[in-house]
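The values are calculated or read from the model by the stated rules, or taken from the named source; none is laboratory data. All of these numbers come straight from a predicted model, not from anything done at the bench. Glycine gets a Cβ as well: all are built from the backbone with ideal geometry, and neighbour counts include every protein chain shown.
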């Protein structure tokens, strides 16, 4: 599998990443072990997790597998912090204490002394940005994280944090939702990443599973849309507008004699600044289907057709920068 440079850093990650959102909840240790083994054997390196997944359960399961199934040195570990669990539910907290405590807990669960990429999961309007930047800087200077980045941040907030962390340790990456069903980052986040030299990690590159085409006629009983705790995650893309996009992807796939998910992944991995598309496969069978996308390069006419069908609306002031009408 192709290994790509993350922005202007020396960090390199696989073009497809392995996400762990369902681990220890919907994906048990046996399935997770098979997923991880197959992913690494296919040349995958980036494994993406979060302190908030299953309240740390995903990290703990991954840590167990890194002691027996796959050596720690064979993977690039990325995890996130910034959302903590309280009695009233999850709370965004990017204060220095909360972030560094979360990182230490992540390292214990993962069974390692460092992560390769540590990401701030969400903007926190209550914490001074200088304090958050100091926590990211401390993570690198202490050796607990090799690189730092952001997740789910708008362009202006990304630029502000990048300025605070320049020149050392620098901001390496920005992880955002990006797919043929979610192209909103092209308005100002993607241009900001390009100007700042940041690599983009695309989460939900299959439109939360909808771009596989499995929801075209019904909701499969074993799908996320049928799950009590994940149905709300998929629901926004089960509308008429999304259905039209899925139809276009299916038509392109049929013309190429490939699967729809391969077309969707090939599209997103070829976008500017994207260094990895993070797959949320729940089973080894799903992963194997997605790995086939690494051999697909879409013809220019198909890319143009998909771009036209899914192009996000651009207005003032973004139009002045992009030159688009």
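Go over the candidates 89, 43 one by one and state the one that is farther than 24 Å from residue 170 by Cα and at pLDDT below 95.
Unique residue meeting the criteria: 89.
Condition test on residue 137, is it closer than 24 Å to residue 102 by Cα, modelled with pLDDT of 95 or more and surrounded by 15 or more Cβ atoms within 10 Å (Cβ to Cβ)?
Here the answer is yes, as residue 137 does meet what is asked.
Would you mind stating whether residue 170 is farther than 23 Å from residue 304 by Cβ, in contact with a helix residue (DSSP H, G or I) (Cβ under 9 Å, 6 or more places away or on another chain) and at pLDDT 95 or above?
yes
Considering only segment 277-325, give the helices (runs of 4 or more DSSP H) lying wholly within it that have at least 1 residues that are touching a strand residue (DSSP E or B) at 6+ places or on another chain (Cβ under 7 Å) and modelled with pLDDT of 85 or more.
Of the helices (runs of 4 or more DSSP H) lying wholly inside segment 277-325, those with at least 1 residues that are touching a strand residue (DSSP E or B) at 6+ places or on another chain (Cβ under 7 Å) and modelled with pLDDT of 85 or more span 284-291.
If you take the residues of segment 162-175 that are under 16 Å from residue 123 (Cα atoms) and buried (at least 23 other Cβ atoms within 10 Å of the Cβ), which of them is nearest to the chain's Cα centre (by Cα)?
Once the filter is applied, the top-ranked residue is 175.
Select from segment 84-108 the residues that are assigned to a loop (DSSP other than H, G, I, E, B) and within 21 Å of the chain's Cα centre (by Cα) and write down the one among them that is farthest from residue 129 (Cα to Cα).
Residue satisfying both the conditions and the ranking: 93.
Take the conditions crowded, with 22+ Cβ neighbours inside 10 Å and in contact (Cβ under 8 Å) with a residue 60 or more places away in the chain and apply them to residue 78. Does it pass?
Spelling it out, residue 78 is indeed crowded, with 22+ Cβ neighbours inside 10 Å and in contact (Cβ under 8 Å) with a residue 60 or more places away in the chain.
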